[in-house]
Amino acid sequence: NDVYNASKIVISINNFNNIDMYFSNRQFNGMASGTLTVSSYIPGIENYFENKKHLVWFHSADECVELVDYYLKHPSEAEEIGKCGSKEVLTNHTKYARIKEIGERLGFIR
C-alpha cells in the first residue's frame, strides 16, 4: 500500500488480458489507494468501471506510454480520476460486495 500511495500512477497488467472480466486484486488495490490506475483493457471491464472516470485503460503498450505521459503532465486530472476510482472501489467493490454478487448469481441472495 505504501508503494501505491507514493506512486504518481499505477500500471495494471494481468497475465491474461483477454479473458472476460478477469483482473487480479492488484487492480482493486491500486485503485483503492487513490492513485490513478492505468490498466490494460480487459473485456467487460466497462461493467465495473468507467474509462477516464474511475481509471484509464489502454489497448497497446504505445497507448499506455502515451497515457502515462499525458497524466504525468496533467496531475490534477490524474488526481481526480484516482479519487473517483478509490471511491468506486471502496463503495462497490469490497469483499462483501463480491460475496453478495456471487450469492445473487447462484440464487442464494435475492
Theoretical gain in end-to-end length, ALA97 to ILE11 [0.36 nm per residue, Cα-Cα removed]: 28.5 nm
Sulfur and carbon atoms: percent of accessible area, the chain [1.4 Å]: 54
Estimated dipole of the chain in Debye, rounded to 20 [Cβ of Lys and Arg +1, of Asp and Glu -1, Cα centre]: 540
Computed E for GLU80/ARG110 - FRET, C-beta separation, R0 30 angstrom, nearest 0.05: 0.25
Heavy-atom accessible area per residue - the chain, 1.4 Å, Å²: 64
Listed values (i) 25, 16, 11; (ii) 19, 14, 13; (iii) 46, 17, 8, entry calculated as semi-axes √(5λ) of the Cα gyration tensor in Å: (i)
Area accessible to solvent at THR94, 1.4 Å probe radius, in Å²: 50
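The values are calculated or read from the model by the stated rules, or taken from the named source; none is laboratory data. Keep in mind that what you see is a predicted model, and the values were worked out from it rather than measured. Cβ atoms come from the backbone with ideal geometry, glycine included; neighbour counts cover every protein chain shown. Heads up: the accessible areas ignore ligands, DNA and RNA and are worked out on the full protein's heavy atoms, side chains in. Shrake-Rupley method; radii C 1.70, N 1.55, O 1.52, S 1.80 Å.
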